Amino acid sequence: MTCPLCGPTPHEILWLDDFCRVVLLNDEDYPAYCRVELLAHVKEMSDLAPQDRARVMKVVFAVETALRTALNPDKINLASLGNKTPHIHWHVIPRFEHDKHFPNSYWGQAVRENSASLLNAQTKQTLADNMGSLIECALGSN
């Protein structure tokens, strides 16, 4: 079976270096849903060297900060599951009290109809710029 995260992504890339990438999933229910994907095929966080674990988490936290700054969500959900795709990746999902599943998890039962709209180009660019600055700042303190 081919790993869907090992090759080129079909998603919009908001940030990329030689270690990981941040993609925008453009989910119709969660338009700012991002995923931090390790470029190398590694199954578990504990398989990484400690400095690489820290590097992944610095990127995850910078993405969270950028989403909070840009969108002011009620909550951010962070998740690393990998049951279906055993390749290190982190879901970073801004949540709002009016979203389709709130207060349930993204994967839980929906409690209302979708009320979200996709991000416009200017918002995506601002988010990517801010995210890039925050990530570069975080990684500069390695």
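The values are calculated or read from the model by the stated rules, or taken from the named source; none is laboratory data. Keep in mind the model is a prediction, meaning the values are calculated, not measured. In this analysis, Cβ positions are derived from the backbone assuming ideal geometry, glycine residues included, and neighbour counts consider all displayed protein chains.
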Item checked: Scan of the stretch 83-97 for residues that are among the basic types (Lys, Arg) and buried (at least 16 other Cβ atoms within 10 Å of the Cβ), ordered by number -> Arg95
Notebook entry, point to check: So is Leu127 surrounded by 14 or more Cβ atoms within 10 Å (Cβ to Cβ), in contact (Cβ under 8 Å) with a residue 60 or more places away in the chain, among the aliphatic types (A, V, I, L, M) and part of a loop (DSSP other than H, G, I, E, B) or not?
Noted result: no
Notebook entry, point to check: If you scan the stretch 98-124, which residues turn out to be surrounded by 13 or more Cβ atoms within 10 Å (Cβ to Cβ) and among the basic types (Lys, Arg)?
Noted result: Lys100, Lys124
Item checked: Flag for Gln122 being among the polar types (S, T, N, Q) and either without any contact (Cβ under 8 Å) to a residue 12 or more places away in the chain or under 20 Å from Pro4 (Cβ atoms) (or both) -> yes
Check: Can you name the residue in the stretch 53-65 that is more than 22 Å from Ser105 (Cβ to Cβ) and either in contact (Cβ under 8 Å) with a residue 40 or more places away in the chain or outside any helix (DSSP H, G or I) (or both) and, of all such residues, is farthest from the chain's Cα centre (by Cα)?
Finding: Ala54
Checklist line | Selected residue (criterion: farthest from Glu64 (Cα to Cα)) from residues of the stretch 87-100 that are without any contact (Cβ under 8 Å) to a residue 60 or more places away in the chain and not in a strand (DSSP E or B) | finding: His98
Checklist line | Which numbered condition Met45 misses (of (1) farther than 22 Å from Pro8 by Cα; (2) surrounded by 14 or more Cβ atoms within 10 Å (Cβ to Cβ); (3) without any contact (Cβ under 8 Å) to a residue 60 or more places away in the chain) | finding: (1)
Note to self: Of all residues being closer than 24 Å to Leu48 by Cα and exposed (fewer than 14 other Cβ atoms within 10 Å of the Cβ) in the stretch 18-35, which is nearest to the chain's Cα centre (by Cα)? Just the residue, please.
What the structure shows: Phe19
Note to self: Taking the criterion of being at pLDDT 95 or above, among the charged types (D, E, K, R) and either in contact with a Pro (Cβ under 9 Å, 6 or more places away or on another chain) or over 22 Å from Leu118 (Cβ atoms) (or both), would at least one residue in the stretch 18-35 satisfy it?
What the structure shows: yes
Check: Restricted to the stretch 66-111, and to residues that are within 13 Å of the chain's Cα centre (by Cα) and β-branched (Val, Ile, Thr), which residue is nearest to Tyr30 (Cα to Cα)?
Finding: Ile93
